[in-house]
Amino acid sequence: MRRERVLALLRQVASGEVDAQAALGALGALSLPNTESLGFATVDHHRAFRQGYPEVIFAAGKTSAQVVAIAERIAERGEGVLVTRLDPEMHAPLLDRFPAMELNALGRTAFLAPDVPAPLGRGTILVITAGTSDLPVAEEASVTARALGNTVERLTDVGVAGLHRLLSQSRVLEDAAVVIVVAGMDGALPSVVGGLVPVPVIAVPTSVGYGASFGGVAALLSMLNSCASGVTVVNIDNGFGAAFAASRITHA
């Protein structure tokens, strides 16, 4: 049960709409340990209350049957389901079980909206990609940010090879509450953005690039050595982690 649903329940008790005993029964589900063993996985049903969003399913390395089974346990509580790193062969089993699930093939995600929408974060999370090849990671970030209850905008293919493309979008940059910058190759774009905006900038290095990019290590090191103050860096290709961090900022 998410924290906002607990708060709504307590307000109903205070107003007399809900009996205290009934509320006590509902809140009993929050007692620790509140986990469910499936043999191959232990589902953490308490995470929605602790962190504001249910456990997210990382599909890589799991079978379709395992992903569906975990999703079923999370979905039955009405709090929404988010799956990341989804293989194409998992699409059909998920849609068979959850026809309303939104699939994003490029971002390798699946999202089932909760019964009650997540509280909207303050402002807009802006997701910027240096190149079109960075879009899979950017889409993962965008879907995650929206699932967590945020307004999301995108700027695509505005890397440093043609800096005028970014500078022409000053209004969008100024309106953002948090900026996620996704870049491979030399990983220079987060430093540029970090020098233009007064809000948190979260840099995501991608594995896009030629041999000397070392699978994204070159971009990672460049971002860690950013000369722009306040640029935070997540792991290579970790659009999910960047969006989760951004959402905590907008919901703080």
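Quick notes on this structure:
- Compactness of the chain was expressed as the Cα radius of gyration divided by 2.2 N^0.38 Å, which yields 1.11.
- Percent RCO, i.e. relative contact order, over segment 42-112, from Cα pairs under 8 Å lying at least 6 residues apart: 28
- Antiparallel %, DSSP beta bridges [both residues in the chain], to 5: 30
- Equivalent ellipsoid of segment 42-112: semi-axes from √(5λ) of the C-alpha gyration tensor, largest first, are 19, 12, 12 Å.
- Going from the fewest other Cβ atoms within 10 Å to the most, the residues 139, 174 appear in the order 174, 139.
- When each of the peptides 178-187, 107-116, 237-246 is scored by how many other beta carbons lie within 10 Å of its residues on average, the order from highest to lowest is 178-187, 237-246, 107-116.
- Tilt relative to the chain, helix 135-147 - C-alpha long axis, 0 to 90 degrees, to 10: 30
- Proxy reagent accessibility, fewest Cβ within 10 Å first, across 247, 213: 213, 247
- For residue 233, the amide hydrogen comes within under 5 Å of the amide hydrogens of 203, counting only partners 5 or more places away or on other chains and with H modelled in the peptide plane.
- Acute angle (nearest 10 degrees) that the helix 3-15 long axis makes with the longest principal axis of the chain, alpha-carbon atoms: 40
- Computed FRET value (nearest 0.05) for residue 227 with residue 104, which takes r as the C-beta separation and R₀ as 35 Å: 0.55
- Cβ crowding within 10 Å ranks 46, 91, 164 as 164, 91, 46, fewest other Cβ atoms first.
- Charged-residue dipole, Cβ positions (Lys, Arg, Asp, Glu), segment 42-112 about Cα centre, Debye nearest 20: 200
- Relative contact order (%) - the chain, alpha-carbon pairs under 8 angstrom, separation at least six: 13
- Helix axis angle, 64-75 relative to the chain longest principal axis, alpha carbon, degrees: 60
- Restricting attention to segment 102-172, close to 40% of DSSP beta bridges with both partner residues there are antiparallel.
Every number here is computed from the coordinates shown, using simple stated rules; none is lab data. As the structure is a prediction and not an experimental result, all values here were calculated from the model. Please note: Cβ atoms are built from the backbone with ideal geometry, for glycine as well, and neighbour counts cover all protein chains shown.
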